[in-house]
Amino acid sequence: MPEGSGRPLERQIHPGSGRRKAPVTPKGRQLDPEAHEEVFALLGERPRSADLLIEHLHLIQDHFGHLAERHLRALAEEMRLPMAAVYETASFYAHFDIVLDGEAPPPPLTIRVCDSLTCEMMGAQEILTSLPLDVGDQVRVVRAPCMGRCDRAPVAEVGHRHVDHASVASLAEAARNKATKPDMPAYRDLEAYRNDGGYALLEACLKGDHSAEGLIEILSDAGLRGLGGAGFPAGRKWSIVRGFPGPRLMTVNGDEGEPGTFKDRHYLESDPHRFLEGALIAAWAVGCERCYIYMRDEYPAVLEILRREIAKLNASPLAAHCPLELRRGAGAYICGEESAMIESIEGKRGLPRHRPPYIAEVGLFGRPTLNHNVETLFWVRDIVEQGAEWFASQGRHGSKGLRSYSVSGRVKEPGVKLAPAGITVTELIEEFCGGMAEGHRFHAYLPGGASGGILPAGMGDLPLDFGQLEKHGCFVGSHAVVILSDQDDVKAAALNLMRFFEDESCGQCTPCRNGSEKAVKLMSEENWDVPLLKELSQVMRDASICGLGQAAPNPLDSVLKFFPESLER
């Protein structure tokens, strides 16, 4: 329009058309200046690079309690991204609440109640049924997947504050008190860790007192393996990534989302610098110029601890060779898969990549990438300082090393149990867990979390280590052990696990997306269609892109194979 006219331009329409003249209006989604100012103020001096999209979405969600469409448009404008790219990423993650124009925002407070296996065994469904009646319409109650606190089941999260051994009464009280910030555990900070000899090994490496080849040999002789689930030898991984031309990057997978697993949270909430020193040593040995630590959003206390301690390290000479960067997940189990995690760090949906190439060659931002689990790096300092033989001699039944078993379910003393690799579940229960809970008889167990399958108590003498359970269609994975008793329904447990996989499938491939949904429907029937379930299981195993779909049928197949009597009930 002409400057100062204050009137919209009118389209020139042929006089004989009989149509009214219509004002010219801009097409597409229009930017709200107020929303743009709000987003601009929130971002401040932060970079606008595309890989920070999820971090910026968290800023908006934390500040406003949801993601309004007008703020998404403003963020897209500020980051110079298509609105479609912002929306598809925000809508992928469970912890982002998108509110479209004209919709009402969610209530100011959300309570997430975990309904994964151990929490369901301990009464989560009763809480989910009764709690909404007690808290009113100003509180939203939703079901949520595993929060990594299975030894304290049932568990819920009020805002960002966990309530362990939760009940309707305790959660209603927390809602009334608006206690929404995380409880901060007592942990060993940088000063305390340094006073105990921490970072002396890293400093010795940086000064040249150790060689990368020497450290790799020590880790290999010790038998240290990736403890996030795959069990790949750590020393060999360092050698492989070093073999690709730089520049190289490092990622740490802290997305500990496997139901039944909580060992990484235990170590991060007590001694985070032992892990951080291991990460910086690994980065030095492999020649990584930056390390990205991806931590699940369900661990708010850990995120705060790492923010504080990483800032201290980055301000010191200790991390000069490899600055550390913390990235926050947003509620997606699939991001525990290494390539999906890398996609998320890059600011995108967490969709697993097709392989090859593997991330050791083409990983984060297209560079060779060393990826490790938290616990693997936690052991680096101890192994180098105390020697390979010390670590390797700790195992049982032919295994090497120590393992941190996350034990939950029907035992007297659940928790993280530091035990010899290769220990049997019977030994684990009796020697480390105080035996079975009162009134419960050992009936079955999950040796490796939701995807590791289910074994009967009669097979409780199998070593819990890599390569020992595969011949039975199971695996130890991240060493998450859930104990079931004679009072638990194995069919119901398998259905709970399949519902988890249905919810957490990224949806990229049909066998996993549709297969898990179909399996839930079939397993919800009183009488299972066994031939159809077997066929469905085989399709998911053979055709799914990543390990989620390939392993999702393990609990189902375990019931069919080891618990045929349960099908007759």
Using the heavy atoms of the protein chains and a 1.4 angstrom probe, tell me the accessible area per residue for region 191-232 in square angstrom. 48
Given the chain, longest segment not containing exposed loop GluC sites (Glu not before Pro) (DSSP; at most 12 other Cβ within 10 Å): 104-437
Counting only protein heavy atoms with a 1.4 Å probe and every protein chain in place, the carbon and sulfur fraction of the accessible surface of region 296-444 in whole percent equals 49
Sorted by accessible surface (1.4 Å probe, heavy atoms of the protein chains only), largest first, Asp51, Asp461 come out as Asp461, Asp51
Over the heavy atoms of Tyr87, what accessible area does a 1.4 Å probe trace out, to the nearest 10 Å²? 90
Set the Förster radius R0 to 30 Å, insert the Cβ-Cβ distance between His63 and Glu385 as r into 1/(1 + (r/R0)^6), and round the FRET efficiency to 0.05. 0.10
Nearest 10 degrees, 0 to 90: what angle lies between the long axis of helix 212-222 and the longest principal axis of the chain (Cα atoms)? 50
Please work out which option in (i) 303; (ii) 198; (iii) 207 gives volume of the Cα convex hull per residue in Å³ calculated from these coordinates, and answer with its label. (iii)
Globularity ratio of region 398-548, using Cα Rg and 2.2 N^0.38 Å: 1.10
Show that you can apply the helix-only estimate: for the chain, add -39,500 (n - 2.57) for every DSSP H stretch of four or more residues, divide by all residues, and state [θ] at 222 nm to the nearest 500. -11500 deg cm²/dmol
Do you know the relative contact order of region 289-382, to the nearest whole percent, from alpha carbon pairs under 8 angstrom that are 6+ apart? 22
Between 0 and 90°, nearest 10: helix 490-504 axis offset from the chain longest Cα axis: 40
Whole-number percent relative contact order across the chain, with pairs defined as alpha carbons under 8 Å at least 6 apart: 12
Past 18 Å, Cα to Cα: identify those pairs from Lys263/Lys417; Lys491/Lys534; Lys263/Lys491; Lys491/Lys518; Lys491/Lys561; Lys400/Lys471, in the order given. Lys263/Lys491; Lys400/Lys471
What does the charge add up to near Pro272, with Lys and Arg as +1, Asp and Glu as -1, over the other residues with Cβ less than 12 Å from its Cβ? -1
Amide H to amide H, which residues 5 or more places from Arg225 or on other chains are under 5 Å from it, using H placed in the peptide plane? Ala234
Between rounded, prolate and oblate, where does region 188-262 land on the alpha carbon gyration tensor, with a ≥ b ≥ c its root eigenvalues, rounded for a/c under 1.5, else prolate if a/b exceeds b/c? oblate
Computed ³J(HN,Hα) along region 230-246: with the Karplus parameters 6.51/-1.76/1.60, θ = phi - 60°, integer Hz and x for glycine or proline, the list is 7, x, 6, x, 5, x, 5, 4, 4, 5, 4, 5, 4, x, 8, x, x
Accessible surface ranking that places the most exposed of Asp503, Asp115 first, with a 1.4 angstrom probe: Asp503, Asp115
Would you mind working out the magnitude of the charge dipole of the chain relative to its Cα centre, with +1 at each Lys and Arg C-beta and -1 at each Asp and Glu C-beta, to the nearest 20 Debye? 1500
Over region 247-350, with neighbouring protein chains present, the accessible area per residue in Å² at probe 1.4 Å is 22
Heavy-atom accessible area of Arg327 with all protein chains present, probe 1.4 Å, nearest 10 Å²? 10
Out of the total accessible area of region 445-540 (probe 1.4 Å, heavy atoms of protein only), what percent is carbon and sulfur? 47
Counting only protein heavy atoms and a 1.4 Å probe, tell me what percentage of region 74-218's accessible area is made up of carbon and sulfur. 49
Could you report region 461-569's accessible area per residue, 1.4 Å probe, as an integer in Å²? 42
Based on the alpha-carbon gyration tensor of region 212-323 and its eigenvalue square roots a ≥ b ≥ c, which shape applies: rounded if a/c is under 1.5, prolate if not and a/b is larger than b/c, or oblate? oblate
Accessible area, probe 1.4 Å, largest first, for residues Arg410, Arg152: Arg152, Arg410
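The values are calculated or read from the model by the stated rules, or taken from the named source; none is laboratory data. Computed from a predicted structure; not experimentally measured. Cβ atoms come from the backbone with ideal geometry, glycine included; neighbour counts cover every protein chain shown. Note: areas computed on protein heavy atoms with side chains; ligands, DNA, RNA excluded. Shrake-Rupley method; radii C 1.70, N 1.55, O 1.52, S 1.80 Å.
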